[in-house]
Structure formats: structure tokens, C-alpha cells
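To start, the structure itself, in C-alpha cells.
Just so it is clear, none of the values below were taken in a lab; they were calculated from the coordinates. Keep in mind that what you see is a predicted model, and the values were worked out from it rather than measured. Neighbour counts are summed over all protein chains in view; Cβ atoms, including those assigned to glycine, are modelled from backbone coordinates with ideal geometry.
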Amino acid sequence: MMRGVTGRLMLLDTASLYFRAYFGVPESVKAPDGTPVNAVRGLLEFIDRLVRDHRPGQLVACMDADWRPQWRVDLIPSYKAHRVAEERAAGPDEEEVPDTLSPQVPIIEAVLDAIGIARVGVERYEADDVIGTFTARAEGPVDIVTGDRDLYQLVDDVRGVRVLYPLKGVGSLQLTDEAFLREKYGVDGRGYVDLALLRGDPSDGLPGVPGIGEKTAAKLLADFGDLAGIMAALDDPRAKLTPSQRKRLEESRPYLAVAPKVVRVADDVPLPSVDPALPRAPRDPEAVALLAARWGLGGSMHRLLHTLGA
């Protein structure tokens, strides 16, 4: 799939980036017909900056074909359930805030396709899983660009896998390697899954183990190695767990049995065959010109195409 293509592979968590672009670029940025295109323009600027600063040889825009896969919900019903509830929250007498982001997503997809940037989403999987599978199959170093800390689990210094986490736009990126993870969380990339599921994540509807926060989770992992080691300690009355830790872990056994499969990104997604090589010229110049004119993307589009050509 990627054999023969040289250079660092850059994987974009596309929804994470256009979401940030949407809130980082004023909604006053509009197409000639008045349609907001702030997320579109912002994402093009993001990609331009990333390519200029990091010079990847390969680039894939990874998409959410399913942002809440049923197989994850079957294991943990609360998984992202609050986001569904929020979408249904507005009553019939309440004024709904217009959604000006969703209509921009098809434009983003059309623009990426016209330029020739590989775009991959797979039914029943999240973008995280697509990223996990590309990373597992990569033959060289990988940069993952995301605002989602869940992907810290893929960081691997030996394989040259790192996460570029936007702090402000993409002008300021936190380069996340294993040294950063050990200093910040006390774990390496592999251990981040166990830390995350023990701690829980309200934004994803993951309850975690009640009473065990990030620091306690890191201490347990330092003492017992990994989740399997913690569960072995729970079965050993001589192991150094406090009575409250034993109680909480025991009560959370059903959750801990399924959480690793939910929290760990998949690495076996059936990826389509794509060419991830960074395009030097647009795949469809006519479509690029039409899209740029219709949506008022001239400056952003021109800068990205110039960077790709350079």
C-alpha cells in the first residue's frame, strides 16, 4: 500500500483539525454567495503550514466514516452517548443555533480530492482507527496531527511515531514523543491506553474507575506494570493495594474487561488502496479552479498548491 513511497508519513485527524479551524477562523470568512467557509479555508491553511514546516513525503487525510461505531457502543453503552443527547437537546420551542460547520464538510472533501490529497474513511470505524492501521503498516516514521490525546497511545520512539498536537492553530505544535509522555503522565505510548481507561474520559463517555484519577492511575501502572498486572494484584491479597483501591477496582471489573477494546485504536481496519504520496500538482486542475471560484478559496488554495509544487 505504501511500499516504494519515501519520506515521513503524515496522518491528519481531519475532523479534529477542521473543527479547530472552524472555531479559530472567524465565521465572517464566507464564499461569494455568503456561505461560511471558515473551516474550509482554515484547514487549507493548516495543511499548507504543516507541509511547509514538516515536509512529509506522504500525507493522508483520515476521516470519521462512523464517529460512534456500534461495536464500541455494544461494549460500553455510554460511549459518546452525551454527544447524541446534546444533538437532541433543543426542544421544539427553543431557538436552535444554525449549524454552519456540517455543510462545509462536503466542500472540504471535494477540495482534498481535487488537489489529490489521499482521503480515507472506512465504514464502521473512526478516523483514530484509520490512523492506527496506517501507523501499524507504515514502513518509516510517522507524524500524527491531532487535537485528540487518545492518539498518544500510538507514540513509539523506536518506530519514529510521534504526535503533533496543536496548541494554538498549527503554528504552535506540541511534539509528543515518549519522553514527553513519561514526564507528563508517567507512561510511554503503550501505557497510555491503560492510563486513559483507568482515569476515564467524560468527553468520550468513558466512566473510568471511580476514585482513581490520573495520578493514582499512573502510580498503579508504575507499581504493577500494566492493566493486566493491576488485575493480577487485585487477585493477590498480598499485593500492595489499599482497601479503597481494591474495592473500586473490584466493582469496576466488568468495565475493565471491555474498556481496552474500546479505548485502544484498531490496527486492522480494511484500508482501501490509496497513493499517499504528497501531490506536486493538483489531480484535477479544472475542479480546483471551479471550487476555488465558487467558494472563494483563491488565496488559501493558491498558497497550498504553491507549497506542494515547491
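Estimated from the Cβ-Cβ distance and a Förster radius of 35 angstrom, the FRET efficiency linking Arg283 and Ala257 is about 0.15.
Neighbour counts of other Cβ atoms within 10 Å put Arg55, Arg264 in the fewest-to-most order Arg55, Arg264.
Averaged over residues, the count of other Cβ atoms within 10 Å places the peptides 76-84, 124-132 in the sequence 124-132, 76-84, highest first. Of Val262, Val111, Val163, the sequence from fewest to most neighbouring Cβ atoms within 10 angstrom is Val262, Val111, Val163. Rounded to 0.05, the FRET efficiency of the Glu109 and Asp157 pair, given R0 = 30 Å and the Cβ-Cβ distance, is 0.30. Note on His306 and Asp33: the extension gain reaches 95.7 nm, defined as 0.36 nm multiplied by sequence separation minus the Cα-Cα distance. Were the residues from Arg137 through Ala293 laid out at 0.36 nm apart, the gain over their Cα-Cα distance would be 52.3 nm. In this rough spin-label picture, where each label sits 7 Å from Cα along the Cβ direction, the Arg246-Glu214 distance is 3.0 nm.
Here the Debye sum runs over all C-alpha atoms of the chain as equal scatterers in vacuum, and log10 of I(q)/I(0) at q = 0.13, 0.14, 0.15 Å⁻¹ comes out as -0.99, -1.11, -1.22.
Normalising the Debye intensity of region 189-263 to I(0), with uniform scatterers on Cα atoms only, and taking log10 at q = 0.13, 0.21, 0.27, 0.28 Å⁻¹ returns -0.32, -0.87, -1.52, -1.64. Taking every C-alpha pair closer than 8 Å and separated by at least 6 residues, the mean separation divided by the residue count of the chain gives a relative contact order of 25 percent. If the elastic network links every pair of Cα atoms under 10 Å, which of Thr14, Thr135, Thr216 fluctuates the most in the Gaussian network model of the chain? Evaluated over the chain, the most mobile residue of the options is Thr216. In a DSSP loop and with at most 10 other Cβ atoms within 10 Å, there are no trypsin sites (Lys or Arg not before Pro) in region 133-197.
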